[in-house]
Every structure is written in C-alpha cells, then in structure tokens.
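K.L.:
One structure, as structure tokens, below. Some questions next.
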Amino acid sequence: MNKKNLLSYFNNASSKDWKDWRWQMNNRVRKTETLHQLFGKNLPDKDNLNKLNSIYPVNVSPYYLSLINDNVFEDPVGIQCLPQAQEITAFQEYPHDPLEEENHMPSPKIINRYPDRCLALVTENCATYCRHCNRKRLWAQPAGINFKKRLQHIARYLGASEQIREVIISGGDPLIYDDDKIEMILACFKAIPHVEILRIGSRSPVVMPMRITRKLCRLLKRYRPLWFNTQFNHASEITPDAARACNMLLETGIPVSNQSVLLKGVNDSPQAMRDLLFGLQKISVRPYYLFHCEPARGCGHFRTDMKSSIKLMQDIRRECSGLALPQYVADMPGDLGKIPLLALAEQPKDSLSKHQYFFDNFD
Ligand code: SF4
C-alpha cells in the first residue's frame, strides 16, 4: 500500500498533510469498512472483522499502513497492525493482564511494581494499535477520567511516594497529546522534588514519526534528564522518516533506546533479527530489551517457542557487538520483574515454576 495510493484514498490529501502529525492522527483508519476497501480479501470476513473490532479495535495511522507490502499477513508491518482471527479464537486461556498490573495500581492510572519507579498511564490511546500489545485489554474500555483529573491522581500519588525517583510516562502513547498537554505532564512530574528522572515510552517514532517536531524537541529539552524508549520490531520500520525522528531526539540530547518484542513471523528469524539490530545501531538507537512475547489474551499467536528463541539469541550474541545486543528477557507478573533468558537457560528455574505458562516449550 504505497503512500500515493493512500493519499488518493484520503481525498487526494497533499504531501504537506501527510507530514503533519495531526493529519495522521485525524485520518487513522478505525473503521473495518476502510480496511476492507484497502486490503479486501486478505482480511477476515466482514462479520469476523466487526467482531474483532468490537473486542480489540482497529486503529492504524496512514503512515504505518503505507509501509505494508501486498501480502499483508506475510508482511512484518501488516502482521503488527492488522487484525487476525486468532486474536479471538486462539489461546483464549491466557489472562487479559499477564503482568498483573491491575493488582499493582495503588491509585488510578499508576502502575507501581518496583520500589523506586513507577509507570504513569497518561492515556490509553495510541497513534496505532499494535496487535501484540500486552495492554490491548484497555483499548475498548472507556478511559473513565478526563485529562486533568488523571494528572491530578497521578501527581498526588507521586508526591506522597518519596521512594519514587523515576517516572515512566506511558500508556497508551503519551505523544498522541499536543505539545501543551505534554508540557503539563512533564512540568507536573518535574515539580515533585524526589522525582529525578523522567522517561517517555512512545512508539510514535515508528508508527507516526512526523510527531517528532522541532517544537516538541525544544520542549522536551527543557525537561532533561529525559530518556526515551521506543519499539522498532523490524528493519522495514527503520525508514528515513523514522531515522530522522530519532536523530532529532538524539540531537536534542535525549538518549533513545529500543524495546522490541520477539514476534512470530516478524523478527524470529536470524536474518530479521540481525537486520533489526544492525539497523538500529546504524541510526544510533540503542537496542535495550528484547521481550519474549507475554501470554496476554489476544496475543498468543505472536508467541515464539522459547527454546528455539533462546538458541536464536545465543547465536546472535556470537555474531553481534555488545552495542547492538539487547537483553533478551521475559517480563514476569508483579514485582518478579524481568528475567534474563540467556542467563536462565544456564540456571535452575524452580522459583518460577508457578508461572510455568510464561515458559511454554522451555525445558
Ligand atoms: S504503541 Fe504501545 S501501548 Fe500502544 S498499542 Fe502499541 S504496544 Fe500497546
């Protein structure tokens, strides 16, 4: 689906429109009819698509759609953003909330799994919904709270929790907000004396890179030390636009790291993984974590076999410089945190036996 075809689909929008993140946000594809018009026979039939949409809504930016080639479910971008029947037919025994985040919400819109840091859910909305998202349970739920109240709740909790020195601003994707709201969030958290570090988790550089503007960078610069984590999962996402967005952040003095998810059919081959890691290194984005895909309901078909995935990453470790090598981990429920899987392969794992379903096919 190239950009020219998409522009003509959107009433011959201009290239200037295309480069405007607000245009991208306003023209996200959210209707199943639109998906059918664009991708037709490749998708589940209309009834199934509507059912899927009511449980896990469709939401893709025109920019991200433009990266899809013809065979949508053989394409690493198509697989990540287009709905598939397995989301509601396979692995329905998996929990909606595998990391037990909802048991670690001491206050609305705060997830606190560790003593010194916590995650602020500033929105449930994203520029594109990734079909493998472990928070996809939130997509169809009403937010139930407006922006100001949300920020007040989060700030009140942070202010009263002196042990917290780092806040991860996440969601959803915080960069769906305009600059004024982003400034309100940053200023509010920065004003709390014991909060030393802010971190933004956003997939915008990958799915809507035009969101990274000079104005936004000037704003972010005022709130350093500020760290930025994004999520490239395949080399085909490392486009000139995405590289430019990351470079703008880096030139602002904001370190950009990458947290990939290991996804079946996307990056679980040696070639795809090498291309991703070397591609990130070439744009100066540090591969930080590679997550084993969590057993969240609606995501089971993305999960790879753990034993062969460990072998994949052991081989990659031998071929890659340390700068290109992410830590391959399984994120575990509650405060168990991230388990480094290459180290685990060499150690007993008895203490984790009650979470055996995280380790399918691992012995
Ligand atoms: S951008 Fe992040 S929060 Fe949003 S759907 Fe993708 S993985 Fe989930």
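K.L.:
Just checking, which of Leu342, Leu262 is more than 21 Å from the chain's Cα centre (by Cα) and in contact (Cβ under 8 Å) with a residue 12 or more places away in the chain?
P.N.:
Leu342
K.L.:
Here's a follow-up. Take region 326-335 and flag every residue that is surrounded by fewer than 17 Cβ atoms within 10 Å (Cβ to Cβ) and either not assigned by TED's automatic domain parsing to the domain that holds Leu119 or not polar (S, T, N, Q) (or both).
P.N.:
Of everything in region 326-335, those that are surrounded by fewer than 17 Cβ atoms within 10 Å (Cβ to Cβ) and either not assigned by TED's automatic domain parsing to the domain that holds Leu119 or not polar (S, T, N, Q) (or both) turn out to be Gly334, Asp335.
K.L.:
How many residues does region 40-72 contain that are hydroxyl-bearing (Ser, Thr, Tyr) and either surrounded by fewer than 16 Cβ atoms within 10 Å (Cβ to Cβ) or in a helix (DSSP H, G or I) (or both)?
P.N.:
Residues in region 40-72 being hydroxyl-bearing (Ser, Thr, Tyr) and either surrounded by fewer than 16 Cβ atoms within 10 Å (Cβ to Cβ) or in a helix (DSSP H, G or I) (or both): 3 in total.
K.L.:
Keeping to region 108-126, report how many residues are surrounded by fewer than 17 Cβ atoms within 10 Å (Cβ to Cβ) and either of a type outside the set (D, E, K, R) or more than 24 Å from Arg150 (Cβ to Cβ) (or both).
P.N.:
3
K.L.:
Let me ask something else. Within region 265-300, how many residues are open to solvent by 10 Å² or more (accessible area, probe 1.4 Å) and either away from the ligand (no atom under 16 Å from the Cβ) or aliphatic (A, V, I, L, M) (or both)?
P.N.:
15
K.L.:
Follow-up question, since we're still on this one. For region 56-109, which residues satisfy the criterion of being touching a Lys or Arg at 6+ places or on another chain (Cβ under 9 Å) and of a type in the set (Val, Ile, Thr)?
P.N.:
Val58, Val60, Ile79, Ile88
K.L.:
Mind listing whichever residues of region 133-149 are within 16 Å of the ligand (Cβ to nearest atom) and touching a Lys or Arg at 6+ places or on another chain (Cβ under 9 Å)?
P.N.:
Lys136, Arg137, Ala143
K.L.:
Going through Tyr9, Tyr94 one at a time, which residue ends up being open to solvent by 70 Å² or more (accessible area, probe 1.4 Å) and among the hydroxyl-bearing types (Ser, Thr, Tyr)?
P.N.:
Result of the check over Tyr9, Tyr94: Tyr9.
K.L.:
Are any residues in region 73-89 open to solvent by 20 Å² or more (accessible area, probe 1.4 Å) and in a loop (DSSP other than H, G, I, E, B), and if so, which ones?
P.N.:
Answer for region 73-89, where residues must be open to solvent by 20 Å² or more (accessible area, probe 1.4 Å) and in a loop (DSSP other than H, G, I, E, B): Gln84, Ala85.
K.L.:
Can you name the residue in region 127-155 that is among the β-branched types (Val, Ile, Thr) and buried (at least 18 other Cβ atoms within 10 Å of the Cβ) and, of all such residues, is farthest from the chain's Cα centre (by Cα)?
P.N.:
Here the residue is Ile154.
K.L.:
Of these, Asp241, Asp179, Asp173, which one is closer than 20 Å to Arg135 by Cβ, of a type in the set (D, E, K, R) and at pLDDT 95 or above?
P.N.:
It is Asp173.
K.L.:
Please go through region 225-275 and give me each residue that is in a loop (DSSP other than H, G, I, E, B) and aliphatic (A, V, I, L, M), ordered by number.
P.N.:
The answer is Ile238, Ile254, Leu263, Val266.
K.L.:
Residue check, Asn53 against (1) free of Cβ contacts under 8 Å to residues at least 24 places away in the same chain; (2) within 16 Å of the ligand (Cβ to nearest atom), all met but one. Which one?
P.N.:
So the condition that Asn53 fails would be (1).
The values are calculated or read from the model by the stated rules, or taken from the named source; none is laboratory data. Every value quoted in this text rests on a predicted model; they were computed, and no experiment measured them. Methodologically, a virtual Cβ is constructed for each residue, glycine included, from the backbone with ideal geometry; neighbour enumeration extends over all protein chains shown. Side chains are part of the model used for accessible areas, which takes the heavy atoms of the whole protein and leaves out ligands, DNA and RNA. Shrake-Rupley method; radii C 1.70, N 1.55, O 1.52, S 1.80 Å.
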